[in-house]
Every structure is written in structure tokens, then in C-alpha cells.
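Trainee: Questions regarding the structure given below will be posed in turn.
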């Protein structure tokens, strides 16, 4: 830091270098830079990448032993961070090239989705990426899969405008009804990448994929007997 009233050297850097530095930070740290000076306060509003992940606000210990209260607290923190970052950009001429969100499936998911939808409607957002986590990460029971599936579709039905703008979507631990995937593919018209981990429509089910934009489909685990690709997507089973 320079002595006297002289600005610190970082604040003297050109705008593009400042943006490059902040974009390399975790979103929580990026938000904290706004208190450094008046100039730094405006930097997050010009970020081309906004990446908000659940892990940014949690310890590894917390993530390994999640409770319902942990999920509520995590999603609430993510919602507050999302609103803070995106609302600060209101009226900005700078395009968000990538809006990447990772959060837990829960009642708060709807508010996160609606906040993103409002930003898409009022700002320039080129690409949106959702990763939706579940409380139980491994060894889900049948009932947990079904419960997660119902909760996801409730979230999906509440935020069609958000899902309609997604370029990438990662889902886990869902058992969906027969009409769910056709609905997902019909609403998510911009979808280019879909990752399904332990997702299916029941044991020995058939997944029909009809989508013009989808170029990559990755399936890990799950109980699909067969996947029929009627698109340019390719299927990678892990």
C-alpha cells in the first residue's frame, strides 16, 4: 500500500486487469472487494462471469454432513449473494457471459430461480449454467429419489422462464415421471449440455431425447435400460 493519500497500486491498474483479478476470486471474496474503494465498488457490476457455488459459503465438514437447516441456510446465503451481485448490475451495459449457479434442491430454490429469471429479463446474460444438488449425495433410497423428483418438478414448473434460458444443467438423485423429461426438453430449448447423475424414470426405463440444441448428454448411474437419441447429442455413460 502506498503512503499518504496515494491510492494503492492495485487501484491504479487498468479496468480490464482489475476485472481479470476479481473474476479469479471466489464470489464471496469478489463481493468483499467492493469495500476497498469507490472504484472497486463498481468492479463486480462489470464482471463477465458470475459463478456462485454452494461450496463457496460452506466448510467441507458441513457439506459432508448436511441437515435440512444446513440446506436452508446455504440456499438463503446463495440467494442473498445472487440478489446482491445481480441487483448491483441493474442498468449495466456489460454482458454476463456466464452465470453459473450451484445450489441445493429445496423450498428456497424457487426464489433463486426467480431472481435469475428477473436478471435474464432485465440484463444481458449470454449463458446460464445450473447445478442442482440434493441433501443425500450418495446411496439414496427409492423414497428419497421420488421425493427429490417431485420437488424438482415443482421447482421446474415454477420457473419456466429460467429453465428456458439454461445452456447447461446438472441434476442428481431424481426419479421422475414419464412426462418429466419430454417437458424438460421442450422447455429448455437452449440446453446444450445435460448431466444426469443417478436420475431415471424407474428401473429399466427408456429415455427418449429429442432436442435440437443438445450436443452432450452424460449419464452416470441411474436405471435406464435404453437411451434413444433423436438429436445430435451423444451419450456418455459412466
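Trainee: For segment 89-108, state whether one or more residues are assigned to a helix (DSSP H, G or I) and either under 27 Å from residue 220 (Cβ atoms) or at pLDDT below 95 (or both).
Mentor: Checked segment 89-108: no residue is assigned to a helix (DSSP H, G or I) and either under 27 Å from residue 220 (Cβ atoms) or at pLDDT below 95 (or both).
Conditions tested, residue by residue: (1) modelled with pLDDT under 95; (2) more than 20 Å from residue 179 (Cα to Cα).
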site	(1), (2)
191	no, no
195	no, no
200	yes, no
205	yes, no
211	yes, no
223	yes, no
226	yes, no
231	yes, no
236	yes, yes
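Trainee: Among the residues of segment 123-159, which ones are closer than 30 Å to residue 46 by Cβ and surrounded by 14 or more Cβ atoms within 10 Å (Cβ to Cβ)?
Mentor: Once the filter is applied, which keeps residues that are closer than 30 Å to residue 46 by Cβ and surrounded by 14 or more Cβ atoms within 10 Å (Cβ to Cβ), segment 123-159 yields 123, 125, 127, 128, 129, 130, 131, 132, 133, 159.
Trainee: Quickly run through segment 109-133 and pick out the residues that are in a helix (DSSP H, G or I) and touching a strand residue (DSSP E or B) at 6+ places or on another chain (Cβ under 6 Å).
Mentor: Within segment 109-133, 112 is the sole residue that qualifies.
Trainee: Can you confirm whether residue 86 is outside any loop (DSSP other than H, G, I, E, B) and more than 15 Å from the chain's Cα centre (by Cα)?
Mentor: no
Trainee: Now for a separate question. Can you tell me how many residues within segment 54-87 are surrounded by fewer than 18 Cβ atoms within 10 Å (Cβ to Cβ), under 29 Å from residue 120 (Cβ atoms) and modelled with pLDDT of 70 or more?
Mentor: 9
The values are calculated or read from the model by the stated rules, or taken from the named source; none is laboratory data. Here the structure is a predicted model, which means the values were calculated and not measured. For neighbour counting, all protein chains shown are included, and Cβ atoms are generated from backbone atoms with ideal geometry for every residue, glycine included.
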